[in-house]
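**Q** Sharing a structure below in structure tokens format, with a few things to ask.
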Amino acid sequence: MIKSNCHTHTQFCDGKCTAEEIVISAIERGFTSLGFSGHSPMDFKNDWGMTEEKGPLYIEEISRLKEKYKDKIEIICGIELDADYCGIDLDDFVYSIGSVHQLRFGDEVYYLDYSADETLRCAKNHFGGNTSLLAKAYFERLSDFIVSTPVSLVGHFDLIMKFNEKTPIFDESDPIYRESALTAVRKILEKKPGMLFEVNTGAMYRKGNKTPYPSRFILEEIKKLRGRITVTSDAHNGESIDFGYEVAEKIIADCGFDKVYKLEGNIFT
């Protein structure tokens with residue numbers, strides 16, 4: 001099993017544990033490397049991103065842990081860069097995960113990974129109840145952000161599917177949904193050949209989902225277009241640092257990928 005994770009959250013944002021507690025858990029599980037990826041500050045009020053004031057403290061703490069545990073594990077300081085980020089210098093981080101968590105309409109913000117009800121409310125208020133049109137807007141927002149921003153990898157590509165196993169919101173067989181997702185993959189890999197996508201097991205741990213993001217048909221398109229992949233747990237505590245990896249690795253193998261990249265030093269190899 002892969003013993004690395006680059007998508008990790010701590011109490012500096014919406015994580016449940018300190019960074020050191022997660023480091024200790026990773027060491028106990030035999031990890032060779034661990035990347036931290038605190039949620040970036042954003043240009044609107046929220047309760048899950050780091051504040052601009054916490055950013056320097058986050059960097060300082062990860063640096064301290066990197067030195068303290070250098071003989072046991074490699075620790076890397078990254079950032080999960082939201083499309084609405086502000087107040088940080090990307091040069092302060094070794095890598096960045098590019099993600100979209102919300103859609104905005106003027107002063108209205110809809111958090112698409114908060115609840116099924118929130119997603120349905122967004123569809124009702126702005127897409128006439130058509131969730132495939134909401135998906136189209138989400139994938140366009142994500143792909144536009146990825147191709148216009150110097151990020152290292154694409155975060156939870158189809159995050160909007162988070163609640164779908166228990167509350168069917170999106171129909172992946174709908175032509176609008178399916179083509180919107182595939183168009184976004186093609187756009188990203190046309191503009192950034194070989195871009196790295198994460199296979200993210202976060203909703204398996206937090207929501208009991210059976211499979212990771214992205215869905216298999218999306219992974220197959222990434223493989224077809226020579227995109228690269230890495231496995232992440234999107235961990236918010238030490239317990240979940242490698243949750244669902246065996247399932248993710250089997251799906252990856254079934255889709256024909258011959259390599260899974262992991263973070264080592266300042267590159268994915």
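**Q** How many residues are part of a loop (DSSP other than H, G, I, E, B), at pLDDT 95 or above and either of a type outside the set (A, V, I, L, M) or in contact with a strand residue (DSSP E or B) (Cβ under 6 Å, 6 or more places away or on another chain) (or both) when one looks only at segment 90-110?
**A** Total meeting the criteria: 3.
**Q** Please enumerate the residues belonging to segment 7-56 that are among the polar types (S, T, N, Q), out of contact with any Ser or Thr (no Cβ under 7 Å at 6 or more places or on another chain) and either modelled with pLDDT of 95 or more or under 15 Å from residue 69 (Cβ atoms) (or both).
**A** Pass one, segment 7-56, residues among the polar types (S, T, N, Q): 8, 10-11, 18, 25, 32-33, 37, 40, 46, 51.
Now drop any that are not out of contact with any Ser or Thr (no Cβ under 7 Å at 6 or more places or on another chain), which leaves 25, 40, 46, 51.
The answer is 25, 40.
**Q** Which one of these is outside any helix (DSSP H, G or I), open to solvent by 20 Å² or more (accessible area, probe 1.4 Å) and within 30 Å of residue 58 (Cβ to Cβ): 113, 171, 144?
**A** 113
**Q** Consider only pairs whose beta carbons are under 6 Å apart and that are at least six residues apart or on different chains; among these, list those whose first residue lies in segment 247-269 and is open to solvent by less than 60 Å² (accessible area, probe 1.4 Å) and modelled with pLDDT of 95 or more and whose second residue is assigned to a helix (DSSP H, G or I) and among the basic types (Lys, Arg).
**A** That search, which allows pairs on different chains as well, returns 255/223; 256/223; 257/223.
**Q** Is it fair to say residue 32 is buried (at least 19 other Cβ atoms within 10 Å of the Cβ), touching a residue at least 24 places away in the same chain (Cβ under 8 Å) and over 15 Å from the mean Cα position of the chain (by Cα)?
**A** no
**Q** OK, next. If you scan segment 185-203, which residues turn out to be open to solvent by less than 20 Å² (accessible area, probe 1.4 Å), outside any loop (DSSP other than H, G, I, E, B) and in contact with a helix residue (DSSP H, G or I) (Cβ under 7 Å, 6 or more places away or on another chain)?
**A** The answer is 185, 188, 197, 199.
The values are calculated or read from the model by the stated rules, or taken from the named source; none is laboratory data. Just so it is clear, the structure is predicted and the values come from calculations on it, not from any experiment. Cβ atoms come from the backbone with ideal geometry, glycine included; neighbour counts cover every protein chain shown. Keep in mind that these areas ignore ligands, DNA and RNA; they rest on the heavy atoms of the full protein, side chains included. Shrake-Rupley method; radii C 1.70, N 1.55, O 1.52, S 1.80 Å.
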